[in-house]
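Trainee: Input: one structure, supplied below.
The values are calculated or read from the model by the stated rules, or taken from the named source; none is laboratory data. Nothing here was measured: the structure is a model prediction, and the numbers come from that model. No Cβ is skipped: glycine too gets one built from the backbone with ideal geometry, and neighbour counts run over all protein chains shown. We work out accessible area using only protein heavy atoms, side chains counted, and drop any ligands, DNA or RNA first. Shrake-Rupley method; radii C 1.70, N 1.55, O 1.52, S 1.80 Å.
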Amino acid sequence: QVQLVESGGGLVQAGGSLRLSCAASGSIFSIGRMDWYRQTPGKQRELVATNNGAEGTNYAESVKGRFTISRDNAKNTVYLQMNSLKPEDTAVYLCHAYVRRRYSAVGDYHEYWGQGTQVTVSS
C-alpha cells in the first residue's frame with residue numbers, strides 16, 4: 001500500500017511563513033507528479049502548486065511569488081514553502097501524488113491523497 005502523510009501545518013500570523021512536508025511511503029516504485037491542494041468549508045478544492053519533476057512547477061495565481069513547491073526524490077517527499085501568508089490562505093492543505101507501485105506495469109500510475117494538515121493565518 002501507499003501512504004501520504006503531511007506535516008508542518010499550524011497557526012501563524014499574517015505575513016509569517018510555514019513549511020509543509022508530505023512524505024510518501026509504502027510499496028513505491030516511482031512517483032510522478034506531486035501536488036498541493038487546499039480545501040476550505042463550502043468551497044471547491046483548489047490546486048495550489050504542482051511539481052512535475054523535470055517538466056517543472058506551476059502555481060495558482062493567488063500564491064505565485066509567495067509559495068514554492070519542491071521535492072526530494074530520494075526521500076519521496078514534497079514540500080511547500082509558504083511565505084507572506086494571508087488570512088485567505090487559511091485552509092486544510094492536502095498532498096496529492098501519482099504513484100507507480102512496485103511490481104506494477106510501466107506507466108501504471110495511481111492517485112493518492114494525504115489526510116491534510118490545517119493551516120490557519122490570523123490577521
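Trainee: State all residues of the stretch 58-88 that are closer than 24 Å to SER123 by Cα, without any contact (Cβ under 8 Å) to a residue 24 or more places away in the chain and of a type in the set (D, E, K, R); if no residue qualifies, say none.
Mentor: Listed by number, the residues that qualify are GLU61, LYS64, ARG66.
Trainee: Being small (Gly, Ala, Ser) and within 13 Å of the chain's Cα centre (by Cα) is the filter here, so list the residues in the stretch 33-65 that pass it.
Mentor: Of everything in the stretch 33-65, those that are small (Gly, Ala, Ser) and within 13 Å of the chain's Cα centre (by Cα) turn out to be ALA49, ALA60.
Trainee: Still on this structure, please answer the following. LEU85 is checked against (1) open to solvent by 20 Å² or more (accessible area, probe 1.4 Å); (2) over 25 Å from GLN1 (Cα atoms); (3) part of a loop (DSSP other than H, G, I, E, B); (4) not charged (D, E, K, R) and fails just one. What number does that condition carry?
Mentor: Evaluating LEU85 over (1) open to solvent by 20 Å² or more (accessible area, probe 1.4 Å); (2) over 25 Å from GLN1 (Cα atoms); (3) part of a loop (DSSP other than H, G, I, E, B); (4) not charged (D, E, K, R) leaves (1) as the failure.
Trainee: Return the residues of the stretch 46-57 that are hydrophobic (A, V, I, L, M, F, W, C) and open to solvent by 60 Å² or more (accessible area, probe 1.4 Å); say none if nothing qualifies.
Mentor: Scanning the stretch 46-57 gives LEU47, ALA54.
Trainee: Name the one entry in TYR98, TYR103 that is of a type in the set (Phe, Trp, Tyr) and either in a strand (DSSP E or B) or open to solvent by less than 60 Å² (accessible area, probe 1.4 Å) (or both).
Mentor: Result: TYR98 is the single residue among TYR98, TYR103 that is of a type in the set (Phe, Trp, Tyr) and either in a strand (DSSP E or B) or open to solvent by less than 60 Å² (accessible area, probe 1.4 Å) (or both).
Trainee: Please specify each residue of the stretch 1-10 satisfying the condition of being closer than 24 Å to ARG100 by Cβ and part of a loop (DSSP other than H, G, I, E, B).
Mentor: GLN1
Trainee: What pairs come out if I take residues in the stretch 98-123 that are under 20 Å from LEU85 (Cβ atoms) and pair them with residues that are of a type in the set (Lys, Arg) and open to solvent by 60 Å² or more (accessible area, probe 1.4 Å) whose C-beta lies under 7 Å away, six or more apart or interchain?
Mentor: Cβ pairs passing all conditions: VAL121/LYS86.
Trainee: I would also like to ask the following. Taking the stretch 58-78, which residues are open to solvent by 20 Å² or more (accessible area, probe 1.4 Å) and closer than 25 Å to GLY26 by Cβ?
Mentor: Correct list: SER70, ARG71, ASP72, ASN73, ALA74, LYS75, ASN76.
Residue by residue, here is whether (1) β-branched (Val, Ile, Thr); (2) over 13 Å from LEU20 (Cβ atoms) holds:
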residue: PRO41; (1), (2): no, yes
residue: ASN52; (1), (2): no, yes
residue: SER62; (1), (2): no, yes
residue: PHE67; (1), (2): no, no
residue: SER70; (1), (2): no, no
residue: ALA74; (1), (2): no, yes
residue: THR77; (1), (2): yes, no
residue: LYS86; (1), (2): no, yes
residue: ALA97; (1), (2): no, yes
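Trainee: Among the residues of the stretch 49-63, is there at least one that is within 22 Å of VAL5 (Cα to Cα) and of a type in the set (D, E, K, R)?
Mentor: Looking through the stretch 49-63, none of the residues is within 22 Å of VAL5 (Cα to Cα) and of a type in the set (D, E, K, R).
Trainee: If you don't mind, another one. Does any residue in the stretch 34-57 that is under 12 Å from THR90 (Cα atoms) and β-branched (Val, Ile, Thr) come within less than 7 Å, Cβ to Cβ, of a residue that is open to solvent by less than 70 Å² (accessible area, probe 1.4 Å) and in a strand (DSSP E or B) six or more places away or on a different chain, and which pairs are these?
Mentor: THR40/ALA91
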